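What follows draws every value from the coordinates through simple rules; no lab data is involved. The model shown is predicted, which means the values in this text are computed figures rather than measured ones.
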């Protein structure tokens, strides 16, 4: 099938870090393709808290300004360079969030290539050009909207529970009978729940309420216990008491950073694992976080997770297809023209699952 390629494309660009006023809509010329490039008609983009942190100047890693934001998206290949071998016109694809991290260890150079603020422009545009080495086919059981949730949230969840070829010796991979503690109803946490349940683990989840659609969703995904962290400030100790003989959970997936790490450490068992996948805005009262002795005294592994490699994304996609897993997408899907509203929606914490922008 031949596609008519326009000469120009609309894109949202981050031109500063002073808030949503620095997210600006632009019209640009579509550049010619390099030999190894694929031109993608973007169909869906999903947001992460990283996108919020960048535009608020709260992101801890270097950021290129200006840039096209967002690391997560999916679309259709509409043109290919002369030497492209892995993809053809019409293929449905997404991209690894660090396009030169194909496998193996992560390092500063690979992190510096991150889409949407690192060395590579992101997905929040009508047409995107990426080298074929960083692209992967989307799972055949998913729509573009669903597949747009996988490169960031999905791969972070997979990396958290299964590690990589370099972390398997230090991190105990999830196994049947393990107990996993998750936080909230964002994309990473919900995908961890789905992967943990199909692996035969028991899941305890925290959330901001004791009833309503968030709790109903968590229960429908297979969560055994739900803890309201607004009512129970010692939710880590509560989670530990819910485990057999009160020994603690095997895996904690921490998405709050300094604001939640202390409770995460209280929940985990001897030689358990706390995976720090992200951070939320600091409330100013978190101080420097828990002390080193709280980890050493119980031989806890605290591990930072920075997305994952292309190899891991391919592993995740195969599992998603084989098990027919469907990422949880918030019921409100935004139009391309509503990008600022989508950012605001995520900022206000009104979402349940991934916040997605549909691109047409």
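Assorted remarks:
- Length gained on full extension, residue 112 to residue 61, computed as 0.36 nm times the residue gap minus the Cα-Cα distance: 17.5 nm.
- Of the three principal axes defined by the Cα atoms of the range 25-96, the extents in descending order read 40, 22, 22 Å.
- Cα-based radius of gyration of the chain once divided by 2.2 N^0.38 Å, which approximates compact folds: 0.97
- Dividing the Cα radius of gyration of the range 181-277 by 2.2 N^0.38 Å, with N the residue count, gives 0.96.
- The chain: most fluctuating residue of 120, 238, 182 per GNM, C-alpha cutoff 10 Å: 238
- Theoretical ellipticity at 222 nm over the chain - DSSP helices of four or more residues, -39500 (n - 2.57) apiece, nearest 500: -6000 deg cm²/dmol
- The alpha carbons of the range 3-58 stretch over 38, 20, 20 Å along the principal axes, in descending order.
- The range 46-145, Cα convex hull volume normalised per residue, Å³: 120
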